[in-house]
Amino acid sequence: MISNFKKILAASVIAATFIANPVFAAEKVKIGVISILEGAFAALGKDGIRGAELAFIETGNKAAGKDVEIIVMSSDASPDSAVNAARKLIEKDKVDIIIGPLSGSEGIALRDLSKGYQGVTFINGSSAAQDTTFRDGSDNFFRFGGDGAQWMAGVGTYSYEKLGYKKVAVVAEDYSFPYTQVLGFMSEYCKAGGRVPNKFWTPIGTKDYSSIVYAIPDDVDAIFVALGGADAVNFLTQYNQAGGNKPIIGGTITIDQSILDSKGPFKKLLVGTPAGTPTVSDFEGKEWKEFSASYAKSFPDGLSAPSIFAHHYYMAGKAALLGLEKVNGDLSNNQKAFRAVLEKLEFVTPTGGTMRLDENRNGIIDSFVTEVFEREDGTFGNRVLKVIRNVNQTMGHDAAKFKALGPVSRDNPSCP
Amino acid sequence: MKFFFIVFFNGLTLAALYFIAACGFTLIFGLMRTVNMAHGALLLLGAYVGYEVVEITGLWTVGIIAGGLTSAIVGAAIQAYILGRYQGDELRQTLITIAISIIMADLMLWAWGGLTYQISLPEMLLGGVRLPILNVGYSSVRLTLMAMAAVTGILLWLLIAKTKLGIIIRAGVDDREMLQALGFETKKIFVIVFAIGGMLTGMAGVITGSALSIAPGTDMQFLLSSLVVVIVGGMGSIGGAALGALLIGMAEQYGLAYAPTYGVVFTFVIMIAVLAIRPQGLLGRSEK
């Protein structure tokens with residue numbers, strides 16, 4: 001037993017010296033990808049990985065002539081797990097770049113972590129809390145995408161003016177990303193004249209929403225639902241079973257393709273539901289058609305169209321590869337040149353817009369107002385009602401004023 | 001006031017689901033003192049198989065039976081080929097079941113992917129009925145849950161109180177060595193009880209997948225809820241499971257309704273209070 005233990009110990013020491021040897025590390029670029037591959041968000045997380053892989057497949061896993069090695073780590077939507085995954089990637093696998101994470105509060109945690117690892121560049125996956133970049137940003141944390149508020153651009157106005165909803169109740173998960181989504185919706189909706197008398201914040205992973213369903217007041221015109229994954233499916237089903245008949249307004253991941261592809265009868269309710277999103281499965285744009293086709297070809301077992309997570313991890317992967325190409329694979333001097341290139345990087349996104357960053361290293365994006373429809377083959381998709389180009393993080397407001405509204409929370413913003 | 005009663009109803013129906021889910025767990029623990037951490041995985045497996053069968057046959061009841069049978073067979077195999085070797089070594093058994101649950105969860109993620117599944121209900125249970133007095137719509141499937149919990153409870157009580165197997169199980173709970181000394185093949189009995197426990201768990205999975213939904217992670221949620229339910233109610237006691245389920249179901253629903261952010265705290269406050277005052281659980285018997 002003891003001699004066995006010694007052998008193992010000796011073997012590990014030898015192995016560790018080899019792993020730590022920088023001669024091997026210099027020959028290729030190592031990129032860690034963090035996504036959620038367990039629990040309620042597993043379906044979404046898996047699609048994120050597909051997106052990142054697609055970017056690498058396109059270049060044949062090479063950047064500036066160097067081999068690119070991808071190491072995937074799973075987190076579980078909690079900030080701790082994302083930090084642990086990133087630490088493992090940096091300290092054990094010695095990655096140069098980290099792509100991820102998926103979920104809002106994880107993003108804030110990695111942003112904080114990134115400040116302590118100047119030798120590594122973090123490129124956000126799909127996490128979309130406002131404060132990840134807006135307040136207290138980090139020089140080596142980039143987001144080639146928007147935050148949850150940007151993704152809701154146009155929906156508040158559309159709901160009030162076109163659909164005539166004067167009063168809306170909010171049901172959302174209790175963490176930073178839904179806070180940001182609610183901000184995006186309410187900043188327009190309240191300005192247009194709408195009122196939000198009730199907000200219900202529920203824990204992530206709630207299975208039984210029945211008491212929330214009955215707590216929704218009768219006098220609201222619609223419900224803004226910002227829930228993701230299984231949570232959205234559970235709420236919508238139970239609302240329907242209890243005989244609820246208010247129209248739904250969808251948050252970005254409430255009506256994402258992964259939800260529309262889920263198995264179950266609740267989807268018929270969603271036909272006609274408006275939502276705000278940067279990713280539309282049935283978008284007619286030329287670039288999107290190509291992107292979807294390439295996704296379908298590379299992942300026959302994937303979703304019927306790339307989800308928002310595939311889209312965003314793809315853009316993160318693409319940004320990393322383009323940046324590496326431009327600096328010719330040079331990551332020396334704490335990746336200074338690489339980061340300077342990323343800050344100025346511009347590329348055409350799958351939605352046809354031009355991705356570029358603002359001074360907080362946050363993307364200026366295209367966003368869509370969409371509507372759920374049933375396709376001829378009986379599956380469901382989102383179709384575009386309106387494209388809004390060049391949405392920045394302050395959604396067109398004056399930056400100083402927007403910042404003065406304070407960080408988003410359960411009670412901010414408010415217009416009862 | 002009306003809302004208060006609706007939440008009471010919600011608590012009751014959720015408790016029914018928790019009770020059905022916890023039955024198999026508490027039965028296995030009662031006889032074998034095995035804390036079956038693969039309980040959640042068996043539940044999810046039953047649910048997935050139930051989903052497939054309902055999709056093919058269109059018959060919900062067949063789905064429930066198929067889900068139950070699958071988990072029964074897997075449960076029996078776990079006991080016969082793995083746990084049986086370490087009978088009496090409870091800590092090792094518990095650790096093994098944790099390993100099994102992780103392996104099963106990954107295999108299921110591989111087979112069924114990460115999407116959320118819902119099992120289609122029969123026509124009869126779709127939609128809702130109007131409750132008298134309260135005059136609100138209420139989903140039929142949730143009302144059915146209560147009937148199912150009652151039936152499960154009564155059948156299990158009949159099994160334990162009135163059948164020969166029940167007598168053997170009760171004897172085994174009291175004194176396993178004596179039972180063995182009297183010439184009963186405990187090995188075989190353990191496998192049978194594990195199969196019954198697995199059956200109940202698998203059926204609970206199909207019911208969960210119909211009333212709520214199933215996705216990766218559901219296994220851990222129901223393992224946790226079952227653990228809390230039997231810790232509060234008393235390990236190994238069917239009545240205790242019912243009482244525990246009732247308390248936890250109520251706590252969750254009232255928590256969600258009146259203090260959604262801190263709702264989850266109530267559940268654990270109850271558990272801690274029980275552990276502090278009556279560690280064997282409300283209806284549990286203390287170890288000799």
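The values are calculated or read from the model by the stated rules, or taken from the named source; none is laboratory data. Since this is a predicted model, take the numbers as computed values, not measurements. A quick note on method: Cβ atoms are made from the backbone with ideal geometry, for glycine too, and the neighbour counts reach across all protein chains shown.
Descriptive notes on the structure:
- B:S237 vs. criteria within 12 Å of another protein chain (Cβ to nearest Cβ) and hydroxyl-bearing (S, T, Y): no
- Segment A:38-71, subset within 21 Å of A:I90 (Cβ to Cβ) and in a strand (DSSP E or B), residue farthest from the other protein chains (Cβ to nearest Cβ): A:K66
- Residue check, A:L183 under 22 Å from the mean Cα position of the chain (by Cα), at negative phi, within 14 Å of chain B (Cβ to nearest Cβ) and modelled with pLDDT of 85 or more: no
- Here B:I207 meets the list (1) in contact with a helix residue (DSSP H, G or I) (Cβ under 8 Å, 6 or more places away or on another chain); (2) part of a helix (DSSP H, G or I); (3) surrounded by fewer than 14 Cβ atoms within 10 Å (Cβ to Cβ); (4) β-branched (V, I, T) almost entirely, failing just condition (3).
Condition check ((1) more than 14 Å from chain A (Cβ to nearest Cβ); (2) out of contact with any strand residue (DSSP E or B) (no Cβ under 9 Å at 6 or more places or on another chain)) across all residues:
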| site | (1), (2) |
| --- | --- |
| B:R176 | yes, yes |
| B:L182 | yes, yes |
| B:G202 | yes, yes |
| B:G205 | no, no |
| B:S210 | no, yes |
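- Residues in segment B:256-287 that are more than 9 Å from chain A (Cβ to nearest Cβ), buried (at least 17 other Cβ atoms within 10 Å of the Cβ) and not in a loop (DSSP other than H, G, I, E, B): B:F266, B:T267, B:I270, B:M271, B:V274.
- Selection count, segment A:20-37, where residues are at pLDDT 90 or above and either loosely packed, with under 14 Cβ neighbours inside 10 Å or more than 12 Å from chain B (Cβ to nearest Cβ) (or both): 6
- Residue that is surrounded by the fewest Cβ atoms within 10 Å (Cβ to Cβ), among those in segment A:38-78 that are of a type in the set (D, E) and in contact with a Lys or Arg (Cβ under 9 Å, 6 or more places away or on another chain): A:D67
- Among the residues listed as A:T17, A:T59, the single one being at pLDDT below 60, β-branched (V, I, T) and farther than 29 Å from B:D106 by Cβ: A:T17
- Considering B:G58, B:G113, B:G30, B:G84, the condition of being among the small types (G, A, S), farther than 29 Å from B:W157 by Cα and either modelled with pLDDT of 95 or more or in contact with a helix residue (DSSP H, G or I) (Cβ under 7 Å, 6 or more places away or on another chain) (or both) is satisfied by B:G113 alone.
- Candidate set: segment A:94-125, residues that are part of a helix (DSSP H, G or I) and not hydrophobic (A, V, I, L, M, F, W, C); chosen: the one surrounded by the most Cβ atoms within 10 Å (Cβ to Cβ): A:E106
- Unmet requirement for A:F402, which otherwise passes all of (1) over 20 Å from A:F142 (Cα atoms); (2) not in a helix (DSSP H, G or I): (2)
- Residue within segment A:369-390 that is of a type in the set (S, T, N, Q), touching a Pro at 6+ places or on another chain (Cβ under 6 Å) and part of a strand (DSSP E or B) present: no
- Top-ranked residue of segment B:105-124 - restricted to ones that are in a helix (DSSP H, G or I) and within 13 Å of another protein chain (Cβ to nearest Cβ), ranked as farthest from B:L227 (Cα to Cα): B:E123
- Criterion: in contact with a strand residue (DSSP E or B) (Cβ under 9 Å, 6 or more places away or on another chain), in contact (Cβ under 8 Å) with a residue 60 or more places away in the chain and of a type outside the set (K, R) - qualifying residue of B:L145, B:L121, B:L115: B:L115
Rundown of residues vs (1) crowded, with 17+ Cβ neighbours inside 10 Å; (2) within 15 Å of A:V29 (Cβ to Cβ); (3) of a type in the set (A, V, I, L, M), yes/no style:
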site: A:G317; (1), (2), (3): yes, yes, no
site: A:E346; (1), (2), (3): no, no, no
site: A:F368; (1), (2), (3): yes, no, no
site: A:N382; (1), (2), (3): yes, no, no
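- Qualifying residue in segment B:157-176 (condition: modelled with pLDDT of 85 or more and either in contact with a Cys (Cβ under 6 Å, 6 or more places away or on another chain) or outside any helix (DSSP H, G or I) (or both)): yes
- Only one of the numbered conditions (1) modelled with pLDDT under 90; (2) among the aliphatic types (A, V, I, L, M); (3) touching a strand residue (DSSP E or B) at 6+ places or on another chain (Cβ under 6 Å) is violated by B:A47, and that is (1).
- Any chance A:N382 is assigned by TED's automatic domain parsing to the domain that holds A:S262 and touching a Phe, Trp or Tyr at 6+ places or on another chain (Cβ under 9 Å): yes
- Evaluated against (1) touching a residue at least 40 places away in the same chain (Cβ under 8 Å); (2) part of a loop (DSSP other than H, G, I, E, B); (3) in the same structural domain as A:K336 (by TED's automatic domain parsing), A:F142 falls short on exactly one condition, (2).
- Just one of the listed residues (A:V280, A:V327) is out of contact with any Cys (no Cβ under 7 Å at 6 or more places or on another chain), under 22 Å from A:K66 (Cα atoms) and β-branched (V, I, T), and it is A:V327.
- Qualifying helices (runs of 4 or more DSSP H) (wholly inside segment A:190-286; at least 2 residues being more than 9 Å from chain B (Cβ to nearest Cβ) and either at pLDDT 90 or above or crowded, with 23+ Cβ neighbours inside 10 Å (or both)): A:229-241
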